[in-house]
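> Submitted below is the structure of interest, expressed as structure tokens.
Computed from the coordinates by the stated procedures, all read-outs in this text should not be read as laboratory data. Quick caveat: nothing in here was measured; it's all calculated off a predicted structure. Methodologically, a virtual Cβ is constructed for each residue, glycine included, from the backbone with ideal geometry; neighbour enumeration extends over all protein chains shown.
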Amino acid sequence: MRIAVMGGDGTGPEVVAEGLKVLKAVSEKVGFAYTLKNFDINGDRYLAAGGDPARQTIPVIHDAEVAELRTFDAIYLGAVGHPKIAPGILEKGVLLRLRFELDQYINLRPVRLYPNVPTPLKDKGPADIDFIVVRENTEGIYTGMGGVQYKGTPAEVSTQINCTTRFGAERAIRYAFELTRRRNSKKKQLTLVHKTNVLTFAGDTWFRAFNEIGEKDYPDIKRDYNHVDACCMWFIKNPEFYDVIVTDTIFGDIITDLAAMIQGGLGVAAGGNINPKGVSMFEPMGGSAPKYTGQNVINPIAAINAVGMMLRETGLSKGDKKLVDAGERIENAIMAVTPKMQTQNAGKMGHSTTQVGDLVVAAVKAG
Ligand code: IPM
Ligand code: MN
């Protein structure tokens, strides 16, 4: 397995280092080979090359790098975001560019409360918080379509188009139905989340695609629909109701941050940007956390979790059982370590970043 590693900005490289420690341990345990190649795609490089921190003046990632990244089996990303660079430059220049150009049309976000991880939800435990969000990742309001006119005057007008295609909705929906079918849950239930009562064009495209595909090809899967605002309410009130959720990109962005909080925070949550027939990219959700950089206090669990996802998803798409097994072992090792941590928050884990990595390595070896 050939893995491209992009530590990125802030605490990204620190948490990625822990993920790679765990990767090494699990590869020795299960017996598979891999190679790593580092890419120094980050905000410091952009600034050093003379990039303007206020607006993008030079590429953040080079065309040749995108071409090379396409040749790997997977990409492991730490974090994107630099305190000296205006918001949007790195996000669009690295993360969104790779998602779009590598056609990673699924953003997969498992939401699972691990043992002994505090959740802000009263009376809810690991048995109640275990679902997965399939977020469409290449269209919707993220395409950048639209524009601004008369900028800076009282007549300023801006539009931001919610570009929704049947093709895009359909492939996300099909992926979600397949996932619901193979997921090890009793519910076998897929919930579409949108806002069909107001977004009557885009919402309707999703709604009809969801029901037509479900009725014709997935009669064994129970279909359910939630408006996005109601979904936020149910996450807090009855998270145990959910099995798999499919939604568009902006709703998915918002509900997965809420979901990350009920699963114990951004120190735990990981995500995959998936192209089922191409190169997928895996990342912790936490961001670059500049104020914790270099202090050995950031939580590496999410980044280790991302390695687990990377192995499991790559194994599934390539039909490689060893990789799937390795991914599951990492998740099990994490579940053996979370009870030994005081909290999942940076600086309050009762351990340093590297110590948490060592605990997971030990649990992989013992597993
Ligand atoms: C996420 C992030 C990104 C998104 C940002 C950094 C562009 O919030 O992966 O959820 O909005 O998709
Ligand atoms: Mn987000």
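> In Å and from the alpha-carbon atoms only, list the Rg and Dmax of the stretch 119-263.
16.9, 57
> Now for a different question. Quick one: which residues, 5 or more positions from V246 or on another chain, have an amide H under 5 Å from its amide H? H modelled 1.01 Å from N in the peptide plane, none for Pro or chain starts.
Here V134, T191, L192, V193 satisfy the definition.
> Starting at the first residue of the stretch 267-277, write each ³J(HN,Hα) from the Karplus equation 6.51 cos²θ - 1.76 cosθ + 1.60 with θ = phi - 60°, in whole Hz, x for Gly and Pro.
Each residue's phi maps through the Karplus curve to give x, 10, 6, 10, x, x, 9, 10, 10, x, 10 Hz.
> Oh, and also: What are the residues whose amide H is under 5 Å from the amide H of G271, where those residues sit 5 or more places off or on another chain and H is modelled from the backbone?
Under 5 Å from the amide H of G271 lie the amide H atoms of E283, M285, each far enough along the sequence or on another chain.
> Oh, and also: Hey, which of these cross-link pairs are over 27 Å Cα-Cα: K122/K321; K84/K122; K37/K318; K92/K222?
K122/K321; K84/K122; K92/K222
> Starting from the Cα-Cα distance between K318 and N211, subtract it from 0.36 nm times their residue separation and give me the gain in nm to one decimal.
35.6 nm
> Can I ask one more? Consider a paramagnetic label point 7 Å from the Cα of H62 along Cα→Cβ; state which residues of the stretch 80-103 have an amide N under 11 Å from it.
No residue passes the distance filter.
> With each label point set 7 Å from Cα along the Cα-Cβ vector, what nm distance links R70 and K151?
3.1 nm
> With θ set to phi - 60°, apply the Karplus curve 6.51 cos²θ - 1.76 cosθ + 1.60 along the stretch 313-329 and write out the HN-Hα couplings as whole Hz, x wherever there is a Gly or Pro.
Couplings: 5, 5, x, 5, 6, 9, x, 10, 5, 4, 5, 4, 4, 4, x, 5, 4 Hz.
> Which three lengths, in whole Å and largest first, does the stretch 99-165 cover when its Cα atoms are put on their principal axes?
The principal-axis extents, from largest down, are 54, 32, 17 Å.
> Follow-up question, since we're still on this one. Take A54 and E28, extend 7 Å from each Cα along the Cα→Cβ direction, and tell me the distance between the two endpoints in nm.
With each label placed 7 Å out from Cα toward Cβ, I get 5.2 nm.
> Under a 5 Å amide H to amide H cut-off, with H placed in plane at 1.01 Å, what residues pair with G78 once short-range neighbours are removed?
Here M6, G7, G8 satisfy the definition.
> Same structure again: For the chain, what is the convex hull (Cα atoms) projected area averaged across all directions, in square nanometres?
18.9 nm²
> Within 10 Å of each candidate Cβ there may be at most 12 other Cβ atoms; applying that plus a DSSP loop requirement, which GluC sites (Glu not before Pro) in the stretch 123-173 survive?
Taking the stretch 123-173 and a limit of 12 other Cβ atoms within 10 Å, the loop GluC sites (Glu not before Pro) found are E156.
> To one decimal place, what orientation-averaged projected area in nm² is obtained for the convex hull of the Cα set of the stretch 260-367?
Taking the Cα atoms of the stretch 260-367, their convex hull projects to 7.0 nm² on average.
> Please get the size of the charge dipole for the chain, origin at its Cα centre, with Cβ charges of +1 on Lys and Arg and -1 on Asp and Glu, quoted in debye to the nearest 20.
Result for the chain is approximately 680 debye, rounded to the nearest 20.
> Of the options T165, G50, V26, report the single residue whose Cα projects farthest towards the positive end of the charge dipole of the chain (beta-carbon charges: Lys, Arg +1; Asp, Glu -1).
V26
> To make sure I understand the rule: partners must be aspartates and glutamates, Cα under 18 Å from the Cα of K291, and not fewer than 8 residues away in the same chain. Which ones qualify?
Answer for K291, where 18 Å is the Cα cut-off: D9, E14, D44, listed by chain and number.
> Would you kindly derive the ³J(HN,Hα) couplings of the stretch 34-43 from the backbone phi angles with the Karplus curve 6.51 cos²θ - 1.76 cosθ + 1.60 (θ = phi - 60°), listing them in order in whole Hz, with x for Gly and Pro?
8, 10, 10, 9, 8, 10, 8, 8, 7, x
> Further, regarding this structure: I need the calculated FRET efficiency for the pair I254 and D220, taking r as the beta carbon distance and R₀ as 22 Å, to the nearest 0.05.
Efficiency, rounded to the nearest 0.05: 0.15.
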